[in-house]
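The values are calculated or read from the model by the stated rules, or taken from the named source; none is laboratory data. These figures come from a predicted structure and were not determined experimentally. Glycine gets a Cβ as well: all are built from the backbone with ideal geometry, and neighbour counts include every protein chain shown. Only protein heavy atoms, including side chains, enter the accessible area calculation; ligands, DNA and RNA are left aside. Shrake-Rupley method; radii C 1.70, N 1.55, O 1.52, S 1.80 Å.
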Amino acid sequence: MRMSELFFTSLREDPADAEMPSHRLLLRAGYIRPLGAGIYSLLPLGMRVNMRVTQVIREEMNAIGAQEMLMPVVHPADLWRETGRYDQIGPEMGRFNDRGGRDMVLAMTHEEVVTDLLRKLISSWRQLPQQMYHFQTKWRDEPRARGGLIRVREFTMKDAYSADRDEAGLDRSYQLYYHAYTRIFARLGLKAIAVASDVGMMGGSLAHEFMAFSPFGEDSLVLCDGCGAAANRQVAAVRRDPGPLAPAEPLKEIATPGASTIEDLATQLRVPASMCAKAVFFADRDGRLIVAIVRGDDEVEETKLTNAAGARDLRPAREEEIRAAGMEPGYASPIGISGAVVVVDKLAAATANMVAGANKAGYHFTGVNLGRDYDATVVADIASAKSGDACISCGGPLRIENGIEVGNIFKLGTRYTGALGATYADEAGVSHPIVMGSYGIGVGRAVACIAEAHHDEKGLVWPISVSPFDAQVALLGANKEPKISEIAHALEAEAEAAGVELLIDDRTESPGVKFADAELIGAPWVVTISPRSLEAGGAEMTRRSTGERTIVPADQVLETIRAAQTRDREVIEKELLTLGYPPRHAARDPHPAT
């Protein structure tokens, strides 16, 4: 590819609205351009990276026996009504009517469609197991798109699905994808770990997210260095000690002027924050007021609360909604009120004689005990894990890191096949629902995460597996030295025959502009051909990741690139072998013949 022909413009200044390095550099280096909030065009450089990421994923999916297909992006709403998700999902789903007035939706994911195919195509145990996947556009109307390709509204996802006879088969499929994902992210140059996660709108019994560490990540990961336990804070459970049992004290109302926060209350009464009941108020899509009670030294984890309350689309409650239920903001508690869903954290429920609001300004109760003074609709773990909390598995201290989700896997079980009637007949002719799993990777988000992990102050530094070109060739002084153009033409022809992709900068720009663009674009090698390099013996090759420079004869440039690619691939395979993953998972078919 000649750079003079490339549909490309670089930016010399950082875009004002780009906070994350990946967003800033992908814009500056001419990989992407925004069309609207959370909607991006991939320019040719971005498309090439996207295609290379897609190819790595495709190779690993094919290696475990998954079959590539393609499902539509527009779905009849009735299919989503059959599973109940049409009404469960809020405004993030794109809904419209076709010209015949039929309700339609834009695909957020494809569980309904693949299950519809299973009920039409699978009838016998002899047809199972099945593994299938596709790359398709998804639409999720995110309320707050951010981070360039990290959180968008339109995106391409690789979603795969497994279909098995039973839970044992699903276990094998789940492990197969777990291993394949480990290989995928290693090949993409991502340090990703699997953490336990919430099943969310997907449903099912178990889920893991593959997380790439990043200070800009929106997810908080709860990690134990002692035993290796890892979970998203949305679902992380920890060991909590309520302290010694104490006899119930009498309920007593006391004046607490100006103590409308836990900090002020604890200071005024000279009690630890852990003895104060913190009330946090939410409303859901169904109009219910939800009162969450945690200890004053804890925070409410909204995902846990959502699951405990069976809520949809939680939002902070407004003051008028709180007062309408008989509570006073700043001095509120569920004592003496009715008509609200009261969810109490397990630790708060086990703590005796707490301080809680008296539901009138300037007053609190002491000696508050669950069961005597107020009742809970639900008692559940709804508190966020904190750094230093005890690991639920080994008791060791936990730490919190930020991460970005790059992939997820779900045990769906019969969540969809039961609703849609996708069954198979066993050897005895008895009908059973097919058991499913779902496995996703956002391609654009993977590109952004790779950019987050591989850049420096000058620009992007792509791994060989995903770089848009294997090398960028800067021609300097070609207008004065004809031999430079001759070498470039020969190198271009040789590269095309060898399957090595070069971006040749034949523009009339200054050397400074060419080098600045090469550093922004971030190909693994920058090859400079100039009168000075020719005088020194050939072409100057600079490894973008290290800055190491060497002069090689022009006819050895491609050999040097290929040798480096081979070494890099060997390093990845060695790392995977160290982790216990053979070259492509040994059991392509995880299910023994019946």
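Just to verify a number: FRET efficiency for residue 245 and residue 225, C-beta to C-beta distance, R0 = 45 Å, to 0.05?
After rounding, the FRET efficiency stands at 0.85.
Output the 0 to 90 degree angle, nearest 10, between the alpha-carbon long axis of helix 167-187 and the longest principal axis computed from the alpha carbons of the chain.
50 degrees
How much FRET efficiency would the formula 1/(1 + (r/R0)^6) give for residue 546 and residue 144, where r is the Cβ-Cβ distance and R0 is 45 Å, rounded to 0.05?
Computed FRET efficiency for residue 546 and residue 144 comes out at 0.75.
Defining a contact as two alpha carbons under 8 Å apart and six or more residues distant in sequence, what relative contact order in percent does the chain show?
After rounding, I find 18 percent.
Kindly express, to the nearest 10 degrees and within the range 0 to 90, the angle between helix 111-121's C-alpha long axis and the longest C-alpha principal axis of the chain.
80 degrees
Taking only DSSP H segments of four or more residues, each worth -39500 (n - 2.57), what value at 222 nm results for the chain once the sum is divided by all its residues, to the nearest 500 deg cm²/dmol?
Result for the chain: -8500 deg cm²/dmol, rounded to the nearest 500.
Find which of 339, 363, 27 sits farthest along the positive direction of the dipole of the chain, computed with +1 on the beta-carbon of Lys and Arg, -1 on that of Asp and Glu, about the Cα centre.
339
With angles folded into 0 to 90 degrees, how steeply does helix 557-578 sit against the dominant principal axis of the chain? Use alpha carbons for both and round to 10.
For helix 557-578, the angle is close to 30 degrees.
Using DSSP to define loop residues, name the trypsin sites (Lys or Arg not before Pro) in the stretch 438-493 whose beta-carbon has at most 14 other beta-carbon atoms within 10 Å.
Answer by residue number: 480.
So how strong a dipole does the chain carry about its Cα centre when Lys and Arg Cβ are +1 and Asp and Glu Cβ are -1, to the nearest 20 debye?
300 debye
By per-residue mean of other Cβ atoms within 10 Å, what is the highest-first order of 520-533, 352-365, 71-84?
Final packing ranking: 520-533, 352-365, 71-84.
Express the carbon and sulfur contribution to the solvent-accessible surface of the stretch 426-527 as a percent, rounded to the nearest whole number, probe 1.4 angstrom.
Using a 1.4 Å probe with all protein chains present, the stretch 426-527 comes out at 53 percent carbon and sulfur.
Using 0.36 nm per residue of separation minus the Cα-Cα distance, give me the extension gain between residue 167 and residue 254 in nm, one decimal.
Roughly 25.7 nm would be gained on extension.
Points 7 angstrom from Cα along the Cβ direction at residue 486 and residue 267: gap in nanometres?
Placing both labels 7 Å along Cα→Cβ, they lie 8.2 nm apart.
Return the label of the correct value of Cα Rg over 2.2 N^0.38 Å, as calculated from the structure shown, out of (i) 1.06; (ii) 1.16; (iii) 0.95.
The value matching this structure is (ii).
Give the peptides 28-34, 434-440 in descending order of average Cβ contacts within 10 Å, highest first.
434-440, 28-34
Classify the stretch 401-534 as rounded, prolate or oblate from the Cα gyration tensor: take a ≥ b ≥ c as the square roots of its eigenvalues, call it rounded if a/c is under 1.5, otherwise prolate when a/b beats b/c and oblate if not.
prolate
Return the sequence-ordered ³J(HN,Hα) values of the stretch 411-428 in whole Hz as given by the Karplus equation 6.51 cos²θ - 1.76 cosθ + 1.60 applied to θ = phi - 60°, using x for Gly and Pro.
8, 7, x, 10, 3, 9, 5, x, 6, 9, x, 8, 10, 9, 9, 7, 4, 8
Using only alpha carbon pairs under 8 Å that are at least six residues apart, calculate the relative contact order of the stretch 436-594 and give it in whole percent.
Over the stretch 436-594, the number comes to 21 percent.
By how many nm would the segment from residue 63 to residue 430 grow when fully extended, if each residue of separation counts as 0.36 nm and the alpha-carbon distance is taken off?
The span from residue 63 to residue 430 would gain 128.8 nm if fully extended.
Return the distance in nm (one decimal) between the two label points of a simple spin-label model at residue 510 and residue 556, each offset 7 Å from Cα along Cα→Cβ.
My value for the distance between the label points is 3.4 nm.
Between the DSSP loop rule and a limit of at most 15 other Cβ atoms within 10 Å, which trypsin sites (Lys or Arg not before Pro) in the stretch 199-283 are left?
270
Write out the cysteines belonging to the chain for which the nearest other cysteine Cβ is not under 4.7 Å, or none if no such cysteine exists.
Those would be 276, 449, since no other cysteine Cβ in the chain comes under 4.7 Å of theirs.
Give me the distance in nm between label points sitting 7 Å out from Cα along the Cα-to-Cβ direction at residue 124 and residue 402, one decimal.
5.6 nm
Hey, what do the phi angles of the stretch 377-394 turn into as Karplus ³J(HN,Hα) couplings, whole Hz, using 6.51/-1.76/1.60 and θ = phi - 60°, x for Gly and Pro?
Result, rounded to whole Hz: 6, 9, 10, 7, 6, 10, 8, 6, 5, 10, 4, x, 4, 7, 4, 5, 8, 10.
Give a residue-ordered list of calculated ³J(HN,Hα) values for the stretch 325-341 (Karplus: 6.51 cos²θ - 1.76 cosθ + 1.60, θ = phi - 60°; whole Hz; x for Gly, Pro).
8, x, 10, 10, x, x, 9, 9, 7, x, 5, x, 10, 8, x, 10, 7
Would you work out which of 407, 274, 89 lies farthest towards the positive end of the dipole of the chain? Charges go on Cβ: Lys and Arg +1, Asp and Glu -1.
Farthest towards the positive pole: 89.
Taking a ≥ b ≥ c as the square roots of the Cα gyration tensor eigenvalues, with a/c under 1.5 meaning rounded and otherwise prolate when a/b beats b/c, else oblate, which class fits the stretch 286-389?
oblate
Given H placed on each backbone N at 1.01 Å, which residues far from residue 33 in sequence or on other chains put an amide H within less than 5 Å of it?
Sorted by chain and number, the residues that satisfy this are 41, 43.
Assuming a ≥ b ≥ c are the square roots of the Cα gyration tensor eigenvalues, decide whether the stretch 199-287 counts as rounded (a/c under 1.5), prolate (otherwise, with a/b larger than b/c) or oblate.
In terms of gyration-tensor shape, prolate.
Quick one: which of 165-173, 7-15 comes out on top by average Cβ neighbours within 10 Å, and what's the full order, highest first?
Listed from highest to lowest mean packing, they are 165-173, 7-15.
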